[in-house]
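Enquirer: One structure follows; several queries about it will come next.
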Amino acid sequence: MLTPRRLAVCFLLLLAGLAPAQSIAPTNKTVEHARKDEDSLRKIGKDSLDAGLNAYGDLGFELFTVTSLETGAAGFHYLKRQPWTAETPRPKFEYKRLDSGEIEKLGAGEFGAGLAALEQESWELVALTTNAKGAVGFHYFKRAKK
């Protein structure tokens, strides 16, 4: 039963943005951030980094940068999720991670043509890793999930 005291507590929690879960509408008014290392993403993706990123993409998270280790491998993946309301469905994203050779292969040996081929499929380059000498390790692409 909702007593006057419980009603007052619920009102104060609501004002503070800490209302009980059953009374919260599916609304988020702030940007959410996540930082995941490669091992965490591989666990989520059942040993696939791309599948781990895609699991976050299904939740509306967008990859916006990746830190590099000295070897060019990924350190941390930084993701964000924009505010949303129940009236506007949260967008979903999918990700693809490719090295330079894989991109060149898509472009019949030409890197620029490979990037153009990816763009034709709505892939957007959003991050890349570099090693200590500045050489590129991996390229990260994102697109809206179909």
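The values are calculated or read from the model by the stated rules, or taken from the named source; none is laboratory data. Source: prediction; values computed, not measured. Note: ideal-geometry Cβ built from the backbone for every residue, glycine included; neighbour counts use all protein chains shown.
Enquirer: Any idea which residue in segment 49-82 is surrounded by the fewest Cβ atoms within 10 Å (Cβ to Cβ), counting only those that are under 16 Å from H139 (Cα atoms) and among the hydroxyl-bearing types (S, T, Y)?
Expert: T71
Enquirer: Just to be sure, is F64 out of contact with any helix residue (DSSP H, G or I) (no Cβ under 9 Å at 6 or more places or on another chain), at pLDDT 90 or above and closer than 27 Å to A132 by Cα? Before you say what the answer is, go through the steps one by one.
Expert: On the way: out of contact with any helix residue (DSSP H, G or I) (no Cβ under 9 Å at 6 or more places or on another chain): yes; at pLDDT 90 or above: yes; closer than 27 Å to A132 by Cα: yes.
So F64 passes the test.
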